[in-house]
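> Dropping a structure here in structure tokens format, bear with me for questions.
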Amino acid sequence: MSRIGKRPVPVPQGVEAKIEGDTLTVKGPKGTLTMGLSDQIDYKVEDEGISVNPANDTRKARDFWGMQRTLVSNLVEGVTEGFTRTLEISGVGYRAQAQGSKLKLQLGYSHDVDLDVPEGLDVKTPDQTTIIVSGIDKQSVGQFAAEIRRWRKPEPYKGKGIKYQGEYIFRKEGKKK
């Protein structure tokens with residue numbers, strides 16, 4: 001029994017949710033998001049919010065229950081507040097610069113890394129060692145942040161590389177003489 005799935009997703013003032021066929025559309029102040037609905041789950045838009053319940057008593061329906069409620073919750077949170085991922089760069093000569101719809105990274109390679117910012121995302125660089133990725137879709141924000149991080153993962157000896165804000169890097173002791 002899913003404890004998360006039992007609670008309906010509250011729909012704040014100014015957010016409109018509707019089910020058309022097998023898609024859920026949520027419209028809010030930041031934009032519009034849609035999600036395909038699973039046939040294992042019953043979705044209902046009510047006064048107190050969007051309720052998510054298993055359609056039958058199969059194991060697969062119970063497995064989907066909590067996850068589908070969380071996905072619906074992410075839609076509502078995305079159109080009201082949005083999502084943000086902050087990355088920090090550490091290392092001598094490592095820097096980042098946002099230039100319109102491109103992100104330019106200097107990470108110690110012989111060339112600069114130019115990344116195209118996906119549609120619907122906003123990338124800011126308040127200083128040369130901080131990258132802020134924001135948008136309304138949680139999955140695309142996290143995916144783009146992971147693609148940026150993949151170019152130079154933090155290494156355990158000096159901690160150089162790109163890491164998420166608040167991420168702990170396990171440090172190793174260097175070679176001894």
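The values are calculated or read from the model by the stated rules, or taken from the named source; none is laboratory data. Keep in mind it's a predicted model, so treat the numbers as computed, not measured. As a convention, Cβ positions derive from the backbone with ideal geometry for all residues, glycine included, and neighbour counts pool all protein chains shown.
> Among the numbered criteria (1) closer than 30 Å to P154 by Cβ; (2) of a type in the set (G, A, S); (3) more than 19 Å from the chain's Cα centre (by Cα), which single criterion is violated by G78?
The number of the failed condition is (3).
> Right, next: Which residue pairs have Cβ atoms under 9 Å apart, sit 6 or more places apart or on different chains, and have a first residue in region 26-44 that is under 19 Å from Q13 (Cα atoms) and a second that is surrounded by fewer than 19 Cβ atoms within 10 Å (Cβ to Cβ) and of a type in the set (D, E)?
Partner pairs satisfying both residue conditions: V26/E16; K27/E16; G28/E16; K30/E81.
> What about P156, is it over 21 Å from the mean Cα position of the chain (by Cα) and in contact (Cβ under 8 Å) with a residue 12 or more places away in the chain? Working first, answer last.
Details: over 21 Å from the mean Cα position of the chain (by Cα): yes; in contact (Cβ under 8 Å) with a residue 12 or more places away in the chain: yes.
So P156 fits the description; yes.
> Can you pull out the residues in region 58-70 that are surrounded by fewer than 18 Cβ atoms within 10 Å (Cβ to Cβ) and out of contact with any Ser or Thr (no Cβ under 8 Å at 6 or more places or on another chain)?
Initially, region 58-70 is screened for residues surrounded by fewer than 18 Cβ atoms within 10 Å (Cβ to Cβ), giving 58-60, 62-63, 66-67, 70.
The answer is T58, R59, K60, D63, M67, T70.
> Sort out which residues of region 103-129 are surrounded by 15 or more Cβ atoms within 10 Å (Cβ to Cβ) and touching a residue at least 24 places away in the same chain (Cβ under 8 Å), and write them in order of number.
L103, L105, L107, L115, V117, P118, V123, T125, T129
> Hey, another quick one. Among the residues of region 144-177, which ones are closer than 16 Å to T125 by Cβ and among the β-branched types (V, I, T)?
I148, I162
> Please specify each residue of region 99-128 satisfying the condition of being of a type in the set (V, I, T) and either more than 17 Å from T86 (Cα to Cα) or not assigned by TED's automatic domain parsing to the domain that holds S140 (or both).
Residues of region 99-128 of a type in the set (V, I, T): 113, 117, 123, 125.
The answer is V113, and nothing else.
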